[in-house]
Every structure is written in C-alpha cells, then in structure tokens.
1. I want to confirm something. Restricting to region 304-316 and keeping residues that are at pLDDT 90 or above and not in a loop (DSSP other than H, G, I, E, B), which single residue is surrounded by the fewest Cβ atoms within 10 Å (Cβ to Cβ)?
2. Taking interchain pairs and intrachain pairs at least six residues apart, which have beta carbon atoms under 7 angstrom, with the first residue in region 589-600 and within 16 Å of R158 (Cβ to Cβ) and β-branched (V, I, T) and the second assigned to a loop (DSSP other than H, G, I, E, B) and at pLDDT 75 or above?
3. Which residue, of E291, E330, is touching a Gly at 6+ places or on another chain (Cβ under 7 Å), outside any strand (DSSP E or B) and touching a residue at least 40 places away in the same chain (Cβ under 8 Å)?
4. Would you mind stating whether S128 is buried (at least 17 other Cβ atoms within 10 Å of the Cβ) and more than 19 Å from I30 (Cα to Cα)?
5. If you go through region 119-155 one residue at a time, how many are in a loop (DSSP other than H, G, I, E, B), aliphatic (A, V, I, L, M) and touching a residue at least 60 places away in the same chain (Cβ under 8 Å)?
6. Any residue at all in region 558-571 that is outside any loop (DSSP other than H, G, I, E, B) and at pLDDT 75 or above?
7. Taking the options L79, L60, L39, name whichever one is surrounded by 17 or more Cβ atoms within 10 Å (Cβ to Cβ) and over 24 Å from I328 (Cα atoms).
8. Check F444, F420, F391 and return the single one that is outside the structural domain of N264 (by TED's automatic domain parsing), buried (at least 19 other Cβ atoms within 10 Å of the Cβ) and farther than 30 Å from H344 by Cα.
Amino acid sequence: MPAKEKLQPILDTLPTKPGCYLMKNAEGTIIYVGKAINLRNRVRSYFHASANHSGKTRELVRRIDHIEWIVQPSELEALLLEYNLIQKHKPRYNVRWKDGKRYPYIKVTWKDDFPKVHVSRRMVQDGSRYFGPYTSAWAVHQTLDILRKAFPYLTCDRVITGQDERACLYHDIKLCNGPCIGVTKKAEYRAMIQDLCDFLHGRTDHIIKDIQRKMEAAAESLQFERAAALRDQMVALQRVVEKQRVVGGTQTDSDVIAFARDRNDACVQVFFIRGGKLIGRNYFVMEGAAEEDDDQVMSAFVKQFYHEASNVPPEVLLPNEIAEGQIIEEWLKDQRGGKKVSLHVPQRGKKRDLVNMASENATEILSTLRAQWDADTHKQETALAELQKAFNMDTPPGRLECYDVSNTQGTNSYASMVVFHQGVPSKKDYRRFKIKTVVGPNDFESMREALTRRFRRWQDALAKRDELGPGEKIDESFARLPELLIVDGGKGQMGVAYEVLQEFHLTDRIVLAGLAKQHEELFIPNHKRPIMLPRRSQALFLVQRIRDEAHRFALAAHRKERSKQGLASQLDGIPGIGPSRRKSLLKKFGSIDGIRNATMTELLQTPGMNKKSAASIKEHL
C-alpha cells in the first residue's frame with residue numbers, strides 16, 4: 001500500500017496548531033523530527049504529488065510507516081521541543097552534530113563561597129558559570145593550565161575556614177593562593193575568580209592593567225616577592241592575549257558562523273569575537289546534510305549550538321539567511337536574558353571578510369578531516385575484505401560480535417558483548433551479562449550462559465516485533481545477528497559457543513571463531529588447523545582491537561562490582577555505619593576514594609548521615 005494511502009487517516013486528523021511531528025519507520029524507530037506552526041499543512045506537504053522534493057526527502061517519505069505529533073502553545077515552544085526530541089532520538093534524516101557526544105565546558109562553581117574551576121560535560125542550572133562548549137578536551141585542559149598560573153584557584157575538597165595549620169603542595173608551588181590558611185580572604189578570592197571569568201569572556205585589558213598597577217605598587221612598597229608573583233601572572237596572561245587577533249575597529253561581541261560541504265557532511269566553523277578581538281574558534285561536523293539547502297543546514301546548526309552554548313552574543317554573523325530566522329532571534333533573546341540578538345548576513349566590509357575567513361577555515365578543516373576519514377574507511381574496508389577471504393564468506397562481515405568473561409576465582413563473574421559495525425565500535429550496542437547460574441571459576445559454562453541468554457533475547461525480539469503496541473520498543477542490539485562471532489579463549493570456548501549456536505539452529509547463519517591469546521590463532525568449528533591471519537594485516541589488527549575491547553568492557557564491570565564489595569567491607573568496620581548508611585554512601589560516592597575525599601558537608605548531605613557518623617568516617621578513612 002502506498003505510504004500516503006496508509007497514512008491518510010492520520011493526515012486527515014492532524015491539528016492546525018503549532019507543534020512537533022515524529023515520523024517512524026516500520027520497526028517503530030523515529031527517523032525524522034520536525035516542527036511546524038501549522039502541523040496539518042506542514043506534514044501533508046510531504047505527500048503532495050506536485051512537491052519538488054529532494055532525493056533524501058523522497059527516501060524519507062517512502063520509509064514513513066507512522067506519524068505522531070505533539071501540540072505546543074507556540075512556535076517558540078515547538079522549537080525547544082524539537083531540539084530535545086532530536087537530541088534524544090537522533091533521527092537518521094535530521095541534520096545534527098556528527099558524533100552526538102557531549103562537548104566539554106569550563107565550569108566555575110560561582111555559588112560556592114570559594115568557587116572552584118573544573119571541566120564538565122554537562123551544563124545544568126546549578127548556579128555555576130559555564131564557558132564553552134569546546135570541541136577538544138585537550139584544549140580545555142590546556143586553557144586551564146594557563147589560567148591557573150594567572151589565577152591560582154582552588155582544586156582541593158577542603159572546607160575553607162582560613163584556620164588550617166598547613167596548606168597543600170599547590171600553595172607551595174604557587175598554583176593556589178592559600179585561602180585554607182587565611183592567606184587570601186573570601187572577597188579577594190572571589191574577585192580573582194571574577195577576573196578569570198572576565199578573561200574567558202574576552203575582557204582582558206582591564207585585568208592586565210589592574211595586575212600591572214598592583215605589581216608596581218608592591219615594588220614601591222618593597223614587597224618584591226609579591227611583585228614577582230604579579231609579574232609572572234601578567235606575563236602568562238599576555239602570552240594568551242598576544243594570540244588574540246584584533247579583527248574589528250569596534251568593541252563588538254559577536255559570533256561568526258560559516259560552513260563548508262562535502263558529500264554528506266558539513267563542517268561548521270565558529271569564530272568567537274569579544275571586544276573586537278578573535279579570542280577563539282571551534283569547528284563542528286554535521287551529518288545528514290546531503291541534499292539539504294544551505295539555510296536548512298545553518299538553521300539546524302544554530303539551534304543545536306545555542307542550546308549548548310554557555311554564552312549568546314548580541315550579534316551572530318552568518319553567510320546567508322536561514323530558515324526560521326525570526327523565531328530563532330526570539331528564542332536567542334530569551335537565551336540572553338531578554339536582550340536583543342541579531343542574526344545578520346553582512347554583504348560587504350570587515351564583517352563580510354570575517355564570514356569569508358570562517359568559510360575558508362571550514363573548507364580547510366573539512367578537507368583535512370575527509371582525508372582522515374577516507375584513510376580510516378580504507379583500512380576498515382581492507383580488514384573486512386581480508387576477514388571475508390580468511391573465513392570463506394560470501395560477503396564482508398558487516399556486524400562483528402566478540403565475547404569475553406571476567407571473574408576473580410569464580411566470583412563477580414561478568415561476560416561482555418562488544419559489537420563492531422562495518423569495522424567501527426558501536427558502543428550503543430554493547431551489553432553485559434552478570435553470570436547467575438555458574439558456581440566457581442568456570443569460564444566455559446559462563447560463556448555458555450552468556451551466549452544462551454544473548455540468543456534467547458534474539459528469539460524474544462523476533463517474537464515481540466509483530467506484537468508491539470504504541471510506544472513499545474525492542475532491544476535492537478539483540479534483534480540483529482552477527483555475521484562473525486568471536487569468543488576470546490581459543491578452541492575450548494569456541495566449542496562451547498558452537499554448541500550454543502547448534503541449540504539455536506544458527507550454525508549456517510553465523511561464522512564462529514575462537515581467538516587464542518598466545519599466538520592469535522582463530523579456531524573454527526570442524527577444522528583441525530586454526531586460521532593464522534598475517535601478522536601485519538588489517539584483519540588481525542581489527543580482530544585484536546575487538547578482542548581487547550571485549551576484555552576491557554568485561555573487566556570494567558567486574559572491577560566496579562569488586563570495588564563495591566571492597567567498599568562495603570571497609571565501611572563495615574566504621575562505628576555508626578550500618579547497612580542503611582553504607583548503602584546511601586555507596587550510592588552517592590561510588591568508591592572508597594570518593595568517600596575519603598568527600599567534605600563533611602557532602603557527607604552530611606547523604607541520606608541517613610549525622611555529624612557523629614560523618615566524623616567517624618573521617619577519623620577511620
């Protein structure tokens with residue numbers, strides 16, 4: 001049945017109000033999320049015979065099996081919901097950040113009396129100040145290394161009273177100004193952190209002038225050690241400021257955004273201009289940009305970027321007008337606390353030169369990334385082709401699964417299931433099995449249990465697929481079978497795995513191999529001699545990589561369980577800590593080090609704790 005005929009009852013009942021629509025395929029997976037000021041008109045436009053859709057949109061329409069919608073009071077609220085839905089479901093046909101990861105921020109815990117500065121992957125409304133996002137964690141830490149020399153902020157978890165007898169080592173090496181021993185008072189410390197925040201915002205001139213004034217005053221009063229420390233602080237900041245290029249004649253704050261396209265990807269370059277100086281830049285790779293108009297790509301980026309950005313300037317310079325520009329300006333105004341934000345497309349002059357410069361940088365970055373991607377893709381394709389030949393398969397294995405077992409003398413046993421798709425880790429498909437039926441150190445039976453449970457889940461997924469109700473889902477990782485299954489442990493583990501495959505009648509559908517550690521041999525069923533992949537082949541590198549990943553993933557679960565038990569046993573010996581408090585501490589801090597490093601305030605905030613029990617923990621740990 002054509003998609004429009006099947007969906008006609010839904011199309012006839014769509015409301016004419018603002019909201020978001022979710023398009024699903026036959027498996028119930030959300031493949032596209034959009035927003036509209038009039039849901040009926042927008043959704044029905046996808047099915048108009050006269051519509052001149054791109055190939056990508058025509059493919060989307062062919063795959064639509066069901067449509068849901070969520071009515072919103074206004075187009076602005078629909079825009080906010082659209083972003084959240086895209087972030088949650090990562091639909092295949094939406095334009096979005098390529099890797100979907102959370103980018104790092106610099107976080108300043110401003111609500112604290114003595115604020116700390118550290119890296120955070122999340123921006124939450126907790127009274128802190130955030131700067132970013134940054135695309136490189138290395139760049140964040142490099143920035144903090146420089147800042148700490150100029151602004152020696154706290155990093156320890158001490159409760160700051162100013163009455164401590166001794167400071168830590170960081171004070172001795174001049175990377176902390178010692179508020180714990182009263183060297184720096186609260187007001188002075190917070191003023192320093194305010195300067196740090198100003199510096200991250202690009203407001204640097206007044207900071208350097210103020211440090212220079214203090215340095216000269218200290219020298220005149222013969223406080224040479226303080227003058228030398230202020231000199232070093234000023235030099236550290238000047239080195240950063242020297243790298244900031246003056247790009248405009250005015251003290252304007254603005255972001256400059258431009259992008260380059262190649263095949264299905266787009267690279268967006270953002271220049272951050274504060275006070276007329278270029279203080280930093282970041283690039284972001286978008287996927288799903290194939291056949292999308294430039295304004296659609298830019299609109300998608302602006303919405304995603306400023307949902308994540310810690311700061312919105314009064315002006316955003318763009319290479320072209322974007323879809324929904326007016327409603328995005330209204331939303332950005334709210335993001336900026338009610339202050340106007342202008343999306344501006346300069347046609348000439350210095351601002352146009354900045355947009356062109358951002359575009360040129362985006363082109364260069366995308367060219368470099370494309371060369372890297374092509375090289376990696378070639379290696380993956382070579383590895384899969386070599387595995388196809390080695391195992392005499394009809395096609396290269398698209399999905400590989402590897403299993404490993406980890407335990408300590410038969411306790412805390414876990415098995416890992418690691419999945420690679422087209423030679424690349426698919427971490428969303430990784431699964432762990434806590435071994436339940438095996439007593440003692442028996443890796444063979446542990447492997448049997450894990451594989452049996454895995455393929456039972458496959459059977460369950462197949463049975464449920466035709467019975468799913470609205471909103472119900474199956475575990476897609478278990479619903480798919482691997483073309484190549486590898487068990488770590490050689491011939492013995494391979495034999496166990498083969499028996500499980502026989503039980504589920506899968507020996508003709510899955511190629512099986514057992515990887516021996518000593519010589520990296522691959523044992524396969526009904527063959528006396530193992531397969532020996534060439535020592536420097538891409539196939540061997542891929543097999544080793546997935547084996548190492550399975551080992552790491554199993555070991556991580558095992559260590560976590562072991563540390564919990566170790567933590568519990570250590571807490572058992574502390575007076576006043578019974579099962580209930582032990583459980584609360586374990587849930588909040590997760591490890592013995594976490595409890596040991598916790599402040600008294602943090603311990604007292606734990607459910608069930610009081611001053612006596614918190615003091616007891618401090619005394620014993």
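1. Checking each candidate, the answer is E315.
2. Within 7 Å, the pairs are T599/D157; T599/V159.
3. None of the others qualify; the one that does is E291.
4. On the way: buried (at least 17 other Cβ atoms within 10 Å of the Cβ): yes; more than 19 Å from I30 (Cα to Cα): yes.
Judged against the criteria, S128 is a match.
5. If we filter region 119-155 for residues that are in a loop (DSSP other than H, G, I, E, B), which is where we start, we get 121-128, 132-136, 151-153, 155.
Narrowing the set further to residues that are aliphatic (A, V, I, L, M) leaves 123-124.
Imposing the further condition that a residue be touching a residue at least 60 places away in the same chain (Cβ under 8 Å) reduces the set to 123.
The qualifying residues number 1.
6. No, region 558-571 contains no residue that is outside any loop (DSSP other than H, G, I, E, B) and at pLDDT 75 or above.
7. Checking each option against the conditions leaves just L60.
8. Step by step, each of F444, F420, F391 is checked, and only F420 is outside the structural domain of N264 (by TED's automatic domain parsing), buried (at least 19 other Cβ atoms within 10 Å of the Cβ) and farther than 30 Å from H344 by Cα.
The values are calculated or read from the model by the stated rules, or taken from the named source; none is laboratory data. This is a predicted model, so every value here is computed, not measured. For neighbour counting, all protein chains shown are included, and Cβ atoms are generated from backbone atoms with ideal geometry for every residue, glycine included.
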